[in-house]
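Comments concern the structure below.
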Amino acid sequence: MKSFSVVAAALSAAAIPAYAADAPALASELSPVVVTATRFPDERQQFPVGVTVIGREAITRSTARSVPELLSLQAGIQVRDSTGSPDLQIDMRGFGQTGDLNTTVLVDGQRYNDIDTSPVKWSAIPLSAVERIEILPGSGAVMYGSGATGGVINIITRQPVSGDRQLNVQAGVGSYNASDLQIAASLAGDRLGLRVQASEQRSDNYRDNNRLIQRNLLADVRTLGSGPQLYMKLASDAQDLRNPGQLTLAEMAVNRRGSQTPRDFSSRDGLRADLGGSVQSGNVEWAANLAYRTQQTKAFFAAFSSDVVNDTDNIAFSPRVRISHNLGGFDQKLIAGIDVEEGTLDRNVTGTFFSGRSKARQQKRGAYLQNNATIGHDWLLTVGVRGQRAENTVDDAASFGSLLRKNYSLSATELALRYKVAPGVAVYGKTGRSFRLPSVEETNFTSPALLEPQTSRDREVGIDYRIASTSARLSIYRSDLENEIAFNPLVFDNINLSPTRREGVEFEARTRVTPTLDLFLNHAHVRAQFRSGVYSGVNLTGNAVPLVPRNALSAGASWLTGPKTRLSATLRHVGEQRLANDETNTQVQQIPAYTVVDLRFAHQLAGWTLEAGVRNLFDRQYYTQGGVSGAGVIRVFPAAERNGYVSLQHSFR
């Protein structure tokens, strides 16, 4: 069932982070990096699967101005705009329309996906507030549960550092009447620290009726130094967005910037809190988090004179323990924990034949074990298992006439082995099982009790290279899915599909060519197809899954042109892909391939930082999302043409 909610997002043209033009960026990226993929801090090279870490210095020299834009430059990750909201849809490893639902997104280790089908609220996480991003492609089901078949993205926000006392003020303007104001302050002693960041972004955006106002406030207070660690994080966001809607190809030919929905709009108010801590006692480390999120979204659809109000609440408790031991004479770390989560959705729709009120709840209880063993000096072995129980409850009298309740019992496994072939060179392989629960909105009209959880058998082999100023990763993967949950236009319902498959090759590399020039190259080749299945008399065996490009490539350079001046450039190419709802693969029209180049300039002078940038340098006309209706009408959402921005920042210490 398609979500009635239209949820807005942040102004991608506004989140421009501070930049240290003379920082030795790549060198720090290739040194040991601490990641939290195992839900405890650990060095990157001790984690056996192919995890990618985007550090703060890589973020500041990127041309990206939002988290989704930064992710779109990574191997195997696609983003799409289908509504005009910078809360772009994200897709790891070729899931197309359900990419958001097959990618687990975390903020500081806490789940950020909602229980409905709405995209992640990227707008509430300004890029300037991000310390690093950890990407686990095709992994994470044991640690994080449902929806990790495509992978896990863990966004770690910036936090106070001992002795830090500074105030950063930034202001910027850009195309389409865009403006940006950000203030960040850090105050930390030896034992206690506080960091607060506030921002407001405004823009009319490229399309008519697409004005956006976004406000964010984030705060982090924590203990510092040795001993028990405690922290509390608070964040709020508010947004107003006009919704321009999609255009037919004929309408786009007349006016790419036009809107056929000049009265539609939406708004959002959200709040989240995370209270947690950890303590070390000998070989045992304990940690726990209590996280809460609430938001209200409102939307108006003039075509139906319809108002939609959604209230969502999510609470999660996640205690865990890590035990270092030497069973069998090997250095090992055993991680065990439980996850208790509950989310509710209260929806009220007025003004159409869909009018009515519905309530839904999803409860999840999970327990997991993972053991990481160092065998000799060259082998790393990871074994993990998760058990999950869940219950979906939907109270929608208009659709079902009664309360619908469905219980699930699921499991996930992972076995990974890494071998160091030579200093800085390692090969790895992993296999496991993952799953995805139906969201509370995916309950189908005709036979809701029959919608089963999606399961997947996942396999991957790869090689990592990390020597001096060069790093690279090459991986080959395959996921065979059973009962994939998706909307099938041939039967106009959310169903469990016949068996499907995702397989591909990912390559990523970055290097420092000279002390002043850094380069990167990422490429993904993906095949997403139906393994079997006949729907309404149409055989889909071998057909491509819509909205999955066969090839995608990104490349970039960062050049230190002077002691305080840097020029960065990125190129992103995405191959052609089938339109949404074209499961039969019979549409001649496809989403055309496109190539976009972005530039960014940064210069420092006496505590001031001047930035300027151009997006879509060669003024390409393209779109990232398109679909075909049952009547054969194609609708798309045009992307912005060439646009620019400038900003000025000053740091007070």
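The values are calculated or read from the model by the stated rules, or taken from the named source; none is laboratory data. In this text the structure is predicted, and so the values were computed from the model without any measurement. Backbone-built Cβ (ideal geometry, glycine too); neighbour counts: all protein chains shown. SASA here: full protein model, heavy atoms, side chains in, ligands and nucleic acids out. Shrake-Rupley method; radii C 1.70, N 1.55, O 1.52, S 1.80 Å.
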Checklist line | Neighbourhood charge, 14 Å Cβ-Cβ cut-off, centred on residue 346 and excluding it, Lys, Arg +1 and Asp, Glu -1 | finding: -3
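What FRET efficiency, computed as 1/(1 + (r/R0)^6) with R0 = 51 Å and r the Cβ-Cβ distance, is obtained for residue 342 and residue 561, rounded to the nearest 0.05? Don't skip to the end; give the middle numbers.
Numbers: r = 53 Å, r/R0 = 1.04.
Efficiency for this residue pair is about 0.45.
Quote the Stokes-Einstein diffusion coefficient, in whole µm² s⁻¹, for the stretch 536-653, based on the Kirkwood radius over alpha carbon pairs, a temperature of 20 °C and a viscosity of 1.002 mPa s.
Working: Rh = 17.3 Å.
The Stokes-Einstein estimate is 124 µm²/s.
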Notebook entry, point to check: About the Cα centre of the chain, what is the dipole size in debye to 20, counting +1 per Lys and Arg Cβ and -1 per Asp and Glu Cβ, all else neutral?
Noted result: 640
Next item on the list: Please compute the Cα-Cα pair-distance distribution of the chain with 20 Å bins starting at 0, giving whole percents from short to long.
Entry: 19, 56, 24, 1
Check: Rounded to a whole number, what is D in µm²/s for the stretch 155-225 from Stokes-Einstein with the Kirkwood radius over alpha-carbon pairs (20 °C, 1.002 mPa s)?
Finding: 156
Notebook entry, point to check: Quick one: putting +1 on the C-beta of Lys and Arg, -1 on the C-beta of Asp and Glu, what dipole do you get for the stretch 174-284 around its Cα centre, in Debye to the nearest 20?
Noted result: 40
Item checked: Among 638, 607, 622 - extreme Cα towards positive end, dipole of the stretch 581-653, charges at beta-carbon -> 607
Notebook entry, point to check: If amide H atoms are built 1.01 Å from N in the plane of the peptide, which residues on other chains or at least 5 residues away come under 5 Å of the amide H of residue 622?
Noted result: 639
Next item on the list: Calculate the length of the line joining the C-alpha centroid of the stretch 151-202 to that of the stretch 62-78, in whole Å.
Entry: 20
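May I ask you to give the solvent-accessible area per residue for the stretch 489-544, in square angstrom, as obtained with a 1.4 angstrom probe?
44
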Item checked: Geometric extent, Cα atoms of the stretch 249-309 - Rg, Dmax (angstrom) -> 23.3, 70
Note to self: Can you give me the long-range amide H partners of residue 577? Hydrogens built in the peptide plane at 1.01 Å from N, cutoff under 5 Å, separation of 5 or more residues or another chain.
What the structure shows: 591
Check: Tell me, what is the per residue accessible area of the stretch 119-185 in Å², probe radius 1.4 Å?
Finding: 26
Checklist line | Quotient of C-alpha Rg and 2.2 N^0.38 Å, computed over the stretch 171-308 | finding: 1.52
Next item on the list: Rounded to whole Å and sorted largest first, list the principal axis extents of the Cα atoms in the stretch 50-160.
Entry: 34, 32, 24
Notebook entry, point to check: With every protein chain present, what is the per residue accessible area of the stretch 205-300 (1.4 Å probe, Å²)?
Noted result: 47
Check: Can you list the lysines whose alpha carbon is less than 24 Å from that of residue 298, not counting same-chain residues fewer than 8 positions off?
Finding: 2, 121, 359
Check: Rounded, prolate or oblate: which fits the stretch 164-203, taking a ≥ b ≥ c as square roots of the Cα gyration tensor eigenvalues, rounded meaning a/c under 1.5, else prolate when a/b beats b/c?
Finding: prolate
Note to self: Leaving out ligands, DNA and RNA, and with a 1.4 Å probe, what % of the accessible surface on the chain is carbon or sulfur?
What the structure shows: 59
Margin query: Give me the one-decimal nm value for the distance between modelled label points at residue 629 and residue 303, 7 Å along each residue's Cα-to-Cβ direction.
Written below: 0.6
Margin query: Please list 3J(HN,Hα) in residue order for the stretch 371-386, calculated via the Karplus relation 6.51 cos²θ - 1.76 cosθ + 1.60 where θ = phi - 60°; whole Hz, with x for glycine and proline.
Written below: 10, 10, 10, 9, 10, x, 9, 10, 10, 10, 10, 10, 10, x, 8, 10
Margin query: From the P(r) of the stretch 275-433, could you give the percentage of C-alpha pairs in the tail past 22 Å?
Written below: 63
Check: Listed highest first by mean packing, meaning other Cβ atoms within 10 Å per residue, what order do 504-512, 464-472 come in?
Finding: 504-512, 464-472
Checklist line | Phi to ³J(HN,Hα) by Karplus 6.51 cos²θ - 1.76 cosθ + 1.60 over the stretch 621-627, Hz, x for Gly, Pro | finding: 9, 7, 8, 9, 9, x, x
Notebook entry, point to check: When the Cα centres of the stretch 498-546 and the stretch 454-494 are compared, how far apart do they sit, in Å?
Noted result: 8
Notebook entry, point to check: Karplus couplings for the stretch 606-611 from phi (6.51 cos²θ - 1.76 cosθ + 1.60, θ = phi - 60°), rounded to Hz, Gly and Pro as x?
Noted result: 6, x, 9, 10, 9, 10
Checklist line | Potential extension, residue 167-residue 605 segment - 0.36 nm per residue separation minus Cα distance | finding: 156.0 nm
Next item on the list: In whole angstrom, note down how far apart the Cα centers of the stretch 550-593 and the stretch 221-290 are.
Entry: 25
Next item on the list: With a cut-off of at most 11 other beta carbons within 10 Å, and DSSP calling the residue loop, which chymotrypsin sites (Phe, Trp or Tyr not before Pro) in the stretch 612-653 qualify? Please list them.
Entry: 618
Next item on the list: Would you please report the Å³ per residue occupied by the convex hull of the alpha carbon atoms in the stretch 341-477?
Entry: 161
